[in-house]
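The values are calculated or read from the model by the stated rules, or taken from the named source; none is laboratory data. This one's a predicted model, so the numbers in the text were calculated from it and none came from an experiment. Neighbour counts run over all protein chains shown; Cβ positions are idealised from the backbone, glycine included.
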Amino acid sequence: MSTQTIFLTAGATSKVCDLALVQKASATAPGDPITGLAFNTSSLTAYYRLPPTGTLTQITLATQTVGGAYSSGGFVEISSTNAPGQYRFDIPNACIAAAGECNITFNGAANMETHTLKIIVTAVDLYDSVRAGMTALPNAAAAANGGLPTVDAANGVKVSVGTAAGQVNVASGKVPSTIAAGDLAANSLTASALATDAVTEIAAGVLSAASSTPIAANTTQMNSHGVIGTGVVGDLWRGA
């Protein structure tokens, strides 16, 4: 028996491969290429099986041309002179619908060695050089727009520079997004960085809250009158 192995992606359609068929042991030239076969050659059959539990299913071989459009089961000799023993075969889509393995066996033609085409059906796309068909990864080259981040020689991650959302505006030194707790270093927000009316607005807010919420204070009595002692009210009274 002769065998060959190819790799295809699960769910792919309209796939074509070339078979290498040879003469069997009892033929006049065992192991040499066999020529002259056609889709309707007497007794030539093709069956596929999906391990581990699939049953043999016959493939109906169909007429085809070397450069013709895909046709399920298509089978044609490529060139008995320039590529002896080479045959084009159009793989039925059912053979590669799901990840796993598919074995297609060609048998029965006079003087032809039984041939098995083993297809390893992968969940990843080995023909996709960007992300191997894995949709959890971005479909862009690393470090390109939309791609995975990369690091420099010091293992620093590159950032996107600009003024759009998610970018750092290096020219102005501003980050155009909401600043969360912990984003700023201690004492990094100085008076010179505040707007000129920031202090007025902060004071107005404190006084507004004080006018609507009682402020606890420590007091003592002198001549039946309350005297402000320590506490927030006392501090405000004294200008502390």
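What about residue 57, is it of a type in the set (Val, Ile, Thr), in contact with a helix residue (DSSP H, G or I) (Cβ under 9 Å, 6 or more places away or on another chain) and within 17 Å of residue 117 (Cβ to Cβ)? It is true that residue 57 is of a type in the set (Val, Ile, Thr), in contact with a helix residue (DSSP H, G or I) (Cβ under 9 Å, 6 or more places away or on another chain) and within 17 Å of residue 117 (Cβ to Cβ).
Residue 143 passes every criterion in (1) on the phi < 0 side of the Ramachandran plot; (2) free of Cβ contacts under 8 Å to residues at least 40 places away in the same chain apart from (1). When you look at residue 100, is it out of contact with any Phe, Trp or Tyr (no Cβ under 9 Å at 6 or more places or on another chain), exposed (fewer than 12 other Cβ atoms within 10 Å of the Cβ) and of a type outside the set (Asp, Glu), yes or no? Here the answer is no, as residue 100 does not meet what is asked.
If we keep just the residues of segment 63-97 that are surrounded by 14 or more Cβ atoms within 10 Å (Cβ to Cβ) and of a type in the set (Val, Ile, Thr), which is nearest to the chain's Cα centre (by Cα)? Checking each candidate, the answer is 96.
Summed over segment 1-38, the residues that are closer than 15 Å to residue 80 by Cβ and not small (Gly, Ala, Ser) give a count of 10.
When the test is whether a residue is on the phi < 0 side of the Ramachandran plot, surrounded by fewer than 13 Cβ atoms within 10 Å (Cβ to Cβ), at pLDDT 95 or above and more than 36 Å from the chain's Cα centre (by Cα), residue 13 does not pass it.
Please go through segment 111-162 and give me each residue that is over 23 Å from residue 17 (Cβ atoms), aliphatic (A, V, I, L, M) and touching a Leu at 6+ places or on another chain (Cβ under 9 Å), ordered by number.
130, 137, 140, 141, 142, 148
For residue 3, the conditions (1) farther than 21 Å from residue 122 by Cα; (2) part of a strand (DSSP E or B) all hold with the exception of (1). For segment 16-26, filtered to residues that are part of a loop (DSSP other than H, G, I, E, B) and in contact with an Asp or Glu (Cβ under 8 Å, 6 or more places away or on another chain), the residue that is surrounded by the most Cβ atoms within 10 Å (Cβ to Cβ) is 21. Those residues that are assigned to a loop (DSSP other than H, G, I, E, B), at pLDDT 95 or above and not aliphatic (A, V, I, L, M), I need them from segment 27-53; list them, please. The answer is 30, 31, 32, 35, 36, 39, 40, 41, 42, 43.
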